[in-house]
Each structure stands twice: as structure tokens, then as C-alpha cells.
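K.L.:
Once you've had a glance at the structure underneath, I'll fire off some questions.
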Amino acid sequence: MATPKKGRSASAQSKPGRSLALILIAIAALTGGMFASGHTTPRLGIDLAGGTSITLRAVPEAGNEAAINKTNMDTAVSIMERRVNGLGVSESEVQTQGRDNIVVNIPKGTNSEQARKQVGTTAKLYFRPVIATEVSGGGTAPSPSPTGSPSDQPSGKATDKPEATDKGSASPSASPSTQGRAVTDALKADATPSASASDKGKASPSPSATGGTAGDDASKLQEQYAKLDCANEKTRSTVGDGVKASAPTLACGQNSQGQWQKYILGPAEVDGTDVDKAQAVLNTQTGAGWTVTMDFTDGGAKKFADITGKLAQNQSPQNQFAIVLDGDVVSDPYVRQALTGGNAEISGNFNQQSAQELANMLSYGALPLTFKVDSMTTVTAALGGDQLNAGLIAGAIGLALVVIYLLAYYRGLSFIAILSLLVSAALTYTLMALLGPTIGFALNLPAVCGAIVAIGITADSFIVYFERVRDEIREGRTLRPAVERAWPRARRTILVSDFVSFLAAAVLFIVTVGKVQGFAFTLGLTTLLDVVVVFLFTKPLLTLMARRPFFANGHKWSGLDPKSLGAQPPLRRTRRPAVPVDPKEA
């Protein structure tokens, strides 16, 4: 029997138990994590669970094709996520695919036509002055000062780039949407707000403050404001619908304590397209930390100077302007003087991420991008269930055929192959269940097809190794050295084959959009797992089985019977008879 070469004592042939223990520990850890997280089943995609899938294609303005870039697309995704959440749905997905596509997956129970209109239109960004605000459900909204007291407001700077400090003292990890959102109203050039706070912190707008509307319209707006409950998700999704930019409106937002506030906002004085550039900047000169700077177009600079000049003459909250995106107040800085330099700086308790988010939202109103709906697919839950059942049946049939083939051809060796398939299935299932909440992976029908194809790829790796071992036995070697000698050649073949499969899956994932990516992702994942299973389970298990008499002695049902394989007699060296040497000749 061949003995291992020097330096191979710690290899899989001498200590296969280590590899087997490692992969079993990994399975136990993944299974434990799956149950601990509460996600014991893979997350199903739209085509299986039911819902609406919308594919949007970005279309730039003529001559400005460079506008389609990662920053702009990521900003568009964040805006669309806000819109989808405004529909009151959960587990929705908005993600970029390819260079110029955005795919929106909305679960069942959502009006598909409403969803299409929400995500397929250009974002509406306005700067509106504040008329009145209060915490929804009663109470007083937080003061606009970062310290919670109007007297503690930081002083403005008499420069071309004055400071407009964001209201509220948000924690460093807070997003712009939670950093002291106040009620802000855009006033007409000839409108002067005259609202007084009630004992509960309410401020009632006068007819002139609502943009010079008729008394009846002003009263109606006040009645709607009194009844408005921004804590209700359905109410928030419809507030301000159909209101023109030139008219006063109601809006909702959150303060730094996470409470929903309701607002009366005046007519829009500055449009999002008036913002030429917005970016997050780390201000080290004044110690303000992360701030958001805005540069306006020539026309926007004049509008912004006019509105801030009017607001600076008022008391809180009517010295604030609201940045309203799709009817939602994302920030509400106050001003203490007219900002006439064509630019402004919003400071507050920002961190880099929250400042960048607000800058992206401000920039989106000026993006030269529109989105065209390329496709919209609606799948009912019943149809999705039928598709899933059909996919599972197809997978079961494919697995059964593979098992039958292994039993008929490899006999005892099929035991090792079947155990390896079960280990691969356990790893695949637990990873898919955990990847759902971790990276948002959803198992769609093409992904199921990828898992079915992977059965054949995994079985092929076992077959390559088994055939190499049988070739060694045909050459007259016993099983234990045959297992070790066959492994290097089988290993190279398996790695090359899996590399080609993984490369194809990676290319397919990169260049495709939509549901085909699910197929590519699953195929790539199972290909990687195939390498793990073959190296850490199949090979060590076969090494252990080679020590058992049933396999080592070549039982006829082991699949390694030398006689049935047509093995050659082992080569033996023979000694030539010694020839006597004449001493004289020597």
C-alpha cells in the first residue's frame, strides 16, 4: 500500500475529520443564525409571492448624457423609495440594475397603477415658507433652535454665504428627515404671515398668510389642518395631493424626537430646478462640522433672496422655509437675514451620511433626468404559488433522476454523493434564508431554475472525482492510494469547471437586468458552495470510507469492485537470477 509522502501528514488523507467537523460546524452555525433571526424561509420575489414589478429607464436631456451616473441614479433610488413607502407598503425593493435602469418591486396588496404613477414621475422639490406647525395629535413642535430654545439660535453671518441653521438638535446618526422638521411655508412676495400660537402650540394662518386666498378657502384649509393626523400612514400618503405649487398646502414631517408634525405651507417661492448645485461639506473653519451648501441659478438666487428677506423679519416658526420633496418636508432651516449671495449653507447636527442624503435630495430637483417605464408586470399571489410549486416539482424530478443514476451506476459510492447533495442543499437553503434580510435577496422563479441547474453541476463534480478513483483502481492500485492519487487530477478538473460556471454567472449578473439576475446570483452562489462541499465534505468522507472493508476490499456493491472495473493485475518487480562472476575476470 502506498504511503503518504513526507510533509503530507496533516493533509485531508490523514485527518479528514477536521474538514468534516468544520463544514458541520458551519451548517450548525448557519442554521442557528437562521432560527435566531426568525427568518426560517427564503424571501420570495414578486413573481412567486405576488405583486408588481416596474422597470424604469433613465432618459437624460439632449446633449447631457453624462447625467446618467452612479450618484444621480442612487439619488433617484432614494427618492423612489420614499414614494413607495408613502404608498403604505412594506418589503418593497428599489434598486439600480445596469447603468440606466431602476427596478421597483412592490409586494401584493398595492394599486399597481398608483405605484406606476408614483415612481414614474419626476421628483417635485419646492422651497415653501412656514405658516403654522404643531405636533400631530396635539402638543408643541420643537423649537427651531439647535438647543431647543429660540434665544440660543446661532447668530447668522453677514457674508455672501450666510448660515441657515437646520432646526432641532438631532443626534449625529439622525437622517435629515428627522433633524427638527418644522412647519415651513412659502409666502408670496406680497403676503405677510400673521399667525399666533395657541396654548397648545398651534398657529392659525390668516387669509393673507395663506397666499391671499378667499376667506372660505382659508377657513377650509384651517379645518383640514385641525383634522390632519400625520401619524396615520394612509393620510400622509395623500396629504397635499393635487395642490399646485402656487397655492398653500398641508404637509407632514418628523421632528428630532421621531414625532410626526403637521404643517401649513405657503405657495412655493423657489423650485427645485433653481438649485444649481448642492453638496455635503465638512466645515472645519467655523467648527460647524458637516454642512450642506447650495448654489442657485441666477433666477433662483433672486427668488431665494426675496423669500429669505421676508422670512427674516418674522418670528418662529414663520422665519423658516421648508424644503418639500414630493409633499414631504425633508428639512426646515430658519433664516435670520436675507441670503443674497446666490448660495446658502445649512448647518446642524449632521454627520457625513445625513448631510450627503440631504444634498442628494436637493440636487435631485435639478437633475436633467426623466424616467420611462420600460415594463410593468403584475403577478397574483395564486399565480406565484403555482409557479413556485411547478419549480419545486421540477427540482424534485431532477434530483430524483440524479439519485437514480447514482444508485444504478455507482452503487455504494452513491451514498457519499447523496450525503454531499444533502449538505449542499442545507448550505444553500440556510444562506438563502439569511441573505433575504441581510442583502434583500429574493427567491424568484429564475433563481429557482438556477438552483435546479446547480444540482447537475454539483453532481458532476462528484462524478469527476469518482471516475478518477476508478481509473486508478483499473491501473491496479488499491483503494486508499487510489483515493489520494486521483484527488490532484480531479481537483484541477473540478476547479476549472466551476470557475467557468462562476464566470458565466458573474457576467450574466453584471450585463443583465430584471429577474435574470436572480438566476445568475443563484448559479454563482451554488457554484461556490460546490467547491466548498467537494473540498470539505466529499473528499474527506471518501477518505474515511476507503478505510472500511466494504469499500477497501472492493465489494461488488461498493461501486469499486476491481473485477467489474476491469482492473489490471498489479505490477510487480521480479529479480533476475544472480550471475556468478569469475574472480579472474573481476
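Values in this text are rule-based calculations from the coordinates and carry no lab data. Here the structure is a predicted model, which is why all the values come from computation and not from measurement. No Cβ is skipped: glycine too gets one built from the backbone with ideal geometry, and neighbour counts run over all protein chains shown.
K.L.:
Which pairs break 23 Å Cα to Cα here: Lys15/Lys556; Lys234/Lys303; Lys220/Lys310; Lys70/Lys372; Lys124/Lys302?
P.N.:
Lys15/Lys556; Lys234/Lys303; Lys220/Lys310
K.L.:
Same structure again: Starting from the Cα-Cα distance between Asn69 and Asp276, subtract it from 0.36 nm times their residue separation and give me the gain in nm to one decimal.
P.N.:
Here the answer is 72.8 nm.
K.L.:
Using DSSP to define loop residues, name the GluC sites (Glu not before Pro) in the range 32-81 whose beta-carbon has at most 15 other beta-carbon atoms within 10 Å.
P.N.:
Qualifying residues, ordered by number: Glu61.
K.L.:
Within the set of other residues whose C-beta is less than 14 Å from the C-beta of Asp298, count the net charge using Lys and Arg as +1 and Asp and Glu as -1.
P.N.:
So the surrounding residues net to -2.
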